[in-house]
1. Using only the Cα atoms of the range 72-181, what semi-axes does the equivalent ellipsoid have when each is the square root of 5 times a gyration tensor eigenvalue? Give whole Å, largest first.
2. Counting Lys +1, Arg +1, Asp -1, Glu -1, what net charge surrounds Arg541 among other residues with beta carbon under 14 Å of its beta carbon?
3. Apply the Karplus parameterisation 6.51 cos²θ - 1.76 cosθ + 1.60, with θ equal to phi minus 60°, to every residue of the range 391-405 and state each ³J(HN,Hα) to the nearest whole Hz, in sequence, with x for glycine and proline.
4. What does the convex hull of the Cα atoms of the range 150-191 come to per residue, in Å³, rounded to a whole number?
5. Counting only the backbone N, which residues of the range 528-551 are under 11 Å from the spot 7 Å out from the Cα of Lys681 toward its beta-carbon?
6. Pull out the extension gain between Arg187 and Asn466, defined as 0.36 nm times the separation in residues minus the alpha carbon to alpha carbon distance; nm, one decimal.
7. Please work out how much length the chain gains when fully extended from Val380 to Arg431, using 0.36 nm per residue of separation minus the C-alpha to C-alpha distance, in nm with one decimal.
8. In nm, to one decimal, how far is the modelled label at Gln487 from the one at Trp371, with both set 7 Å along Cα→Cβ?
Amino acid sequence: MFTASTDNLDQLLDQFEVLARSDMPTGQFLADVVERLRLTMAAQSARIMLFADSDQCLPLASSGQSPQAVQIEQEIANHLRSVGARERPWLTGAWGEVTWIAVPLRPGDFSKGYLLVTIDSIVPEHTLDGLIELQAAFAEVILIRQQEELEAFLGRSWDQVPDLCLQIASAPSQDNSATLLVGGLARILDAARVSLLCGRALAPPSVQAVSGVPKVSPSASVVQALQAIGSKLQGSGKPLLRQQPSGRSAAGPAQPELSEDGCFSNLLGLRLAADATTGVVADSSRSTRAAQLPPTWLVIEYESHAKLIHSAALLPHVLPTIAVAWEQQSRWLRIPKLARMFASGPASALRASLRLLKWPVLIGLLGLAVWAARQPYPLVIEAEGAYEPATSRAIYAADDGFVEELLVEDGESVQARQPLVQLRSPTLELRIEQVTGELRGVAEESSGIHIAINQLDPDSPDLLNNQSRLAGKIAELKTKQTSLEQQLELLQTQRAGLLLRAPIDGTIVAKDLQRHLAGRPVRRGEPLFSIVDQAGPWQVRVQVVDRDAGYLRTHYVAPTPTFSKRATERQHNAESQLVGETKPDNEPSGQRSIVSDLDSAITFGLDSRPVERWPAQLSWISDHVENIQGQGCFVEVRAHVESPEQIGAHAGAGVHAYFTCGSQPLWFVWSRPLVEAIQRKFWFRSRSDE
């Protein structure tokens, strides 16, 4: 059944994995993958199917033809409608004499699409498992490509999705909301044109909005073509995919590909509804609310087939959020305007009732505030952090190059100075060969000059001049040889440094080390993995918000006597001369002394087990503030864990630490953020500054 050996398949999959992370166009990559899969499995056809509706799939890329394709896809759709079918690892079946195999692109999740292969024969059971495993390996390569594109999209354009939802939610009318929706989708999906069609009773859908067009003209030919597409969508109840793959060697700039009706040759039509785009079955209440709205469809057109393929994988991540915002705004705008005004603003009757209840409420609140002011309550500061070994070291690349050999595995215990990774730098090797060649040339040139000196004519009147000139060249070559030998020694030292060794005893901490590092290029200073001493002490390292750090310093840090600058210098000089003590190298910079072990006790809980609390001893509070990746100002705090063997959590587990900073009045504990905001506003002194 297979047309390639196991070694060739592994090499082929490795090549496809490299291409998945390259700049190769997505359409060409997917076409190559399904073509190679079909040839390797000697299959009748191979297709990548993508869900464009809750139970309707469209072929994203295909190779070969299957006469039973429609029947097989309908049979798979019937399978996936059953409860729990979309979480299965694969589906298989037979239609007549044709065997079909469907493997999800994302393991155990058919909702993100699947890879379908048809074989024009009945496959035995003992061969079927091997075919499924091979097909799953190709699906994993396709998933890598989709994840690469999704990560690029999240970093580049995802921020536009919530902004578009907010704009839709604040639109004053349905037409304005539709215009914002199509314009925003065109930007997010890099589409040439996005159109929104609204269904009508006993009539074809009407074009409500088109991106880039301020007002839709019903007589325009493109609008009439879009209405014809909407009629097809309404009549079939299925999504529509129209694609025209471009040639791979087209010369000159890419031109928009148009069809005869004036629309683009590459387009996708689908229903815009939350239950149609999320890929899950909606409950009865949601279905009832959705049925009250007129059906709407999106027609997304692209200038090229490559943009269609690139955007199709992003639709399941973008459309559900926008569809929910569209439906909510549509239901909101269907409410009468007077009712909306009443819901969004206070009515006169409500204001009259508030006037009657104002004095009793104020008197009651005043009495409650007086009572609360006399009740002490523990002031607890909460912060997030991580549970980790106290001793850890990161391993960095010593030079630009690539990983030639990994000498350790994930989770392996290592000793100090044990070899970990062998790097290889082609630039360094080339430089060593260059210096070695120059040394060889200098030696040959020096030997030639010595021969020339021996062959000088002793009776020549220029004998002394020639001897002096040649002796000078020999001295110059000797100096150059010494310099080159020093360079070679330095380069060989650098090459020896490419063998990275463990700085401490510990355990390798990495995720799939062989897969992510073996043979991979690295840059100088790039972190590769970490070594942690899990047998040593453990600690809780948390980031406390700067506005809360003052309470910790007041309660936990011992007060430091205040001296004049001259007295402090005299005391420091005297201690240095008499005692000769210096700050240990392993002591953290910016350390604050803790009052006592009894007063430094805190508690923390693991995010995975929030009901359990564990004790710890506060050991260090930083005296400076850091802005971590622009997320705000934080102060780092560390606490020593007393019994790590009883906790049994892995390194890096998320924790919530709780610092009890004495007692404060109950009203202050409850309203502390508001009180501190008022104090900052009017330059009052805060309790955290005392």
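The values are calculated or read from the model by the stated rules, or taken from the named source; none is laboratory data. All figures in this text were calculated on a predicted structure; none of them were measured in a lab. Positions of Cβ are generated from backbone atoms using ideal geometry, with glycine treated the same way; all protein chains shown enter the neighbour counts. The area values use the complete protein model at the heavy-atom level, side chains included, leaving out ligands, DNA and RNA. Shrake-Rupley method; radii C 1.70, N 1.55, O 1.52, S 1.80 Å.
1. Numbers: eigenvalues 308, 64, 22 Å².
Equivalent ellipsoid of the range 72-181: 39, 18, 11 Å, largest first.
2. Details: positive: Arg638; negative: Glu384, Glu388, Glu626, Glu636.
Taking every other residue near Arg541 into account, the sum is -3.
3. 10, 8, 9, 9, 9, 10, 5, 7, 7, 5, x, 8, 7, 7, 7
4. Values: hull volume 2.2 nm³, N = 42.
In the range 150-191, the Cα convex hull volume per residue is 51 Å³.
5. In the range 528-551, the label zone of Lys681 (backbone N under 11 Å from the point 7 Å along Cα→Cβ) covers no residue.
6. On the way: separation 279, 0.36 × 279 = 100.44 nm, distance 7.93 nm.
Separation in residues times 0.36 nm, less the Cα-Cα distance, equals 92.5 nm.
7. Numbers: separation 51, 0.36 × 51 = 18.36 nm, distance 6.10 nm.
Length difference between fully extended and current span is 12.3 nm.
8. So the two model labels end up 8.7 nm from each other.
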